[in-house]
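Read-outs: derived from the displayed coordinates by stated rules, not from any lab. Since the model is a prediction, treat every value here as computed from it, not as a measurement. Note: ideal-geometry Cβ built from the backbone for every residue, glycine included; neighbour counts use all protein chains shown.
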Amino acid sequence: MTLSRVLAILILQYSLVALVSSAGPPSGWKTLQGSPPMVIARGGFSGIFPDSSSLAYGLALDTCGPNVTLWCDVQLTKDGVGICFPELKLDNATDISIAYPGKAKDYLVNGVSTRGWFSVDYNFGELANVSVVQGVYSRTNKFDGNKLPILTVEQVAKLIKSPSTGLWLNFQHASFFKQQNLSVENFLQSLPGRSVPVNYISSPDVDFLRRVKSSFSSGPTSFIFRILEQSKIEPTTNQTYGELLKNLALIKTFSSGILVPKGYIWPVDSDHYLQPHTPLVTDAHREGLQVFVSDLTNDVPFSYNFSYDPLAECLSFIDGDDFSVDGVLSDFPVTPSAAINCFSGLGENAKRQVDTLVITKYGASGDNPACTDLAYNQAKSDGADVLDCPVQMSKDGIPFCLSSIDLLESTTVADTQFKNRATTILEIKFRSGIYTFSLTWDEIKTLTPSILNPYEKYILSRNPKSKNLGKLITLSDFLSLNEGSHILISIENAAYLAEKQNLHVTDAVLDALQKAKPRSHKVMIQSTHSSVLKIFKDKSKFERVYKVDENIRDAADSAIEDIKTFADSVVIGKASVFPESSAFLVNSTNTVARLKSFKLPVYVETFSNEFVSQAWDYYSDPSIEINSFVIGTKVNGIITDFPKTANRYRRNLCLKNGNKEPYRSPIEPGKLFKQISNLYLPPLPPPLPVLTDSNVTEAPLPGVSGKVPSSKAAPGVGAAAPAPITA
């Protein structure tokens, strides 16, 4: 079969690729053809499984459905077999150095001497005992023991069962193979056109694209010019890729589209904040070129403008007012699949599809210093239902909002004249701190807030531009700022403050609430202590929320009945719903269902956008994690420091009419865990304890009246702490 015949068949297959169905933006898709953008799975679902493995391609098909295009980086073996593998060298993402020790060789690659194990030194049969492994060290290596074989292009094509699933072959190093007397053209010629329906062929090599394009004369091309870094030289033209992009008419002579890194469309400054988008997509479409974008990777930090939300980044390329790219190349293809089908075209006033409450964790503290006026104002703008204020007490008895009783955690107090007030109080924490009750309110309000960075050890910082903005506010200011809003006031350390500091936080809260005018707030009072919530027992207008401060797998009937005597709802941690081992979900508990069966609403915390806060099972996408709790376990509310992400989730179109697309199905806990080989299998965690009534029962708070005080109440004796939860 001639190459022109093969390529004609391959091009014809393009018309069979059914594009994903989506309402899209209200004004229609701004792609070249007006169709929804394509989802291209780079090496399959290579963000989880080893790149180009059978598991990676299988997961892409399972999570994205048939409307996905499988990407294969083609390398040639010594005997001319085309294999799917992400790099020219085999040693980074296979165990070839173990199978063939001491066999590394040196080659010139793009003029640079490079040492390693190269595919051109081995016949395909010699690679039978070589397995692919995870080549990105920040990703899990737990599947490296699965003995996953290197796949040929034909083997990947056989995984395709639907005509709407595409196949994209990328030839990154065609000139290198030509230097080794291996012909990519001959490989293409050998492909059986009917059983290997290639839809796209891409390369950064102009000469290669011209040679293949000249091999056939009819039909539209399906060849894509892959653009590399701006300053890199394209060898055929001896121009930089940045210069070549200025001549789109030239590119049109040998390709039908371009594949560009995302920075060509949305550049960022040196501080990783977005610059205005370029006109590249619009200009390319005007020239009749499709535009595909690469480097959308969920687990690699991107612009701070997206608040660590990969879905938000993806939407900026497909759902803008000015343009939409024609396809997205991703290691996590489930995210663009959901973006296109569920989240595009929502608009600001899209209707909620679920009633799940969005409760803030210190306001919108993922983007602003916690519990500041900025954090609360943004949370309201982001669509949060409930704004929270963790009440702390100053030395002179002023209640105010702050994430911790220790000022060191969320202010710059260590850099002030108050740094010598550090002390160690074992009843509160084992390390020393500078506590709120050591400073007066007049002193505290001079402090500069500091944004929380819970994942700093992973070199993931939050919104540096706002890290010290905003001001701390009193509880009274919080009530005024959020007049008419649904609010949650959390109270901790009440017994210690009353007994040791003569500060009565419950009385202070009641006083502030009584003085708030107009009294239009819907109030939730939260605590880990039943003794605190019992103070508010007769305040029927308050919803009392009991926070279980340890992870549990279940709760005894007697414990739940006890909770119902002093609380109206419960907060639990994520691990009390889906226990983990080595960041893999291992199973699910019955905790949510048990509590709800007793008519207790359940709220779960804490949902963050940073991918390191999520189990691998959620594919480094916070919306997928939220979906598993909202749809999978029917929680009543989620507590989050990024309320914008949670609020957008509630409005996504795939929740409407019970949409059953695979990317909207709840994660099956334990599914990934079960695919780990015995050699790499992490140990199962010990069983979580069951909550009993002894864990929630407490003596009354010392010296607390439960009434609005006319003066400070006298301190009393300490309250007995509840028994620790044991398995």
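Here are the numbers for this structure:
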{"quantity": "LYS232-ASP271 pseudo-label distance in nm [points 7 Å out on the Cα-to-Cβ vector]", "calculated": "3.0 nm"}
{"quantity": "FRET efficiency, ARG211 to VAL354 (Cβ-Cβ, R0 45 Å, nearest 0.05)", "calculated": "0.25"}
{"quantity": "Principal-axis tilt of helix 3-14 within the chain, Cα atoms, nearest 10 degrees", "calculated": "30 degrees"}
{"quantity": "Spacing of the two label points (7 Å from each Cα toward its C-beta) at ASN468 and SER381, in nm", "calculated": "2.2 nm"}
{"quantity": "Structure-based [θ]222 nm, the chain - -39500 (n - 2.57) summed over DSSP H runs of at least 4, per residue, nearest 500", "calculated": "-6000 deg cm²/dmol"}
{"quantity": "Antiparallel bridges, percent of DSSP beta bridges restricted to the stretch 3-343 (to nearest 5)", "calculated": "35 percent"}
{"quantity": "Estimated FRET transfer efficiency (SER480, TYR137; beta-carbon r; R0 45 Å; 0.05)", "calculated": "0.35"}
{"quantity": "Qualifying lysines (Cα of each under 21 Å from Cα of LYS142; at least 8 residues distant if same chain)", "calculated": "LYS671, LYS674"}
{"quantity": "Prolate/oblate/rounded label for the stretch 615-672 (Cα gyration tensor, a/c 1.5)", "calculated": "oblate"}
{"quantity": "Cα shape, the stretch 492-571, gyration tensor, a/c 1.5 rule", "calculated": "oblate"}
{"quantity": "Order by protection proxy (mean Cβ within 10 Å, highest first), peptides 153-165, 102-114, 322-334, 669-681", "calculated": "322-334, 153-165, 669-681, 102-114"}
{"quantity": "For the chain, with +1 on Lys and Arg beta carbons and -1 on Asp and Glu, the positive-most of SER307, ASN647, SER582 along the dipole", "calculated": "ASN647"}
{"quantity": "Extension gain from ALA699 to THR440, taking 0.36 nm per residue of separation minus the Cα-Cα distance", "calculated": "90.2 nm"}
{"quantity": "ILE98-LYS599 FRET efficiency (beta carbon distance; Förster radius 56 Å; 0.05 resolution)", "calculated": "0.45"}
{"quantity": "Cα gyration tensor category, rounded, prolate or oblate, for the stretch 3-343 with a/c compared to 1.5", "calculated": "rounded"}
{"quantity": "Amide H contacts under 5 Å for VAL132, placed H, 5+ residues apart", "calculated": "LEU148, ILE150"}
{"quantity": "Charge context of TYR304, other residues only, Cβ under 14 angstrom, K/R +1, D/E -1", "calculated": "-2"}
{"quantity": "With Cα atoms, 0 to 90° folded angle of helix 557-566 axis to the chain main axis", "calculated": "60 degrees"}
{"quantity": "Solitary cysteines of the chain, where the nearest other Cys Cβ is not under 4.7 Å", "calculated": "CYS64, CYS314"}
{"quantity": "Distance (nanometres) between label positions extended 7 Å along Cα→Cβ at ALA556 and ASP396", "calculated": "4.8 nm"}
{"quantity": "Between the stretch 277-325 and the stretch 153-231, the alpha-carbon center distance in angstrom", "calculated": "25 Å"}
{"quantity": "Cα centroid separation, the stretch 559-630 to the stretch 400-454 (Å)", "calculated": "30 Å"}
{"quantity": "Segment GLU456-ALA128, extension gain: residue separation times 0.36 nm, minus the distance between their alpha carbons", "calculated": "113.9 nm"}
{"quantity": "Helix axis angle, 505-515 relative to the chain longest principal axis, alpha carbon, degrees", "calculated": "90 degrees"}
{"quantity": "Residue pairs, from the table LYS262/LYS361; LYS103/LYS178; LYS395/LYS419; LYS471/LYS541; LYS30/LYS246, whose Cα atoms sit over 27 Å apart", "calculated": "LYS262/LYS361; LYS471/LYS541"}
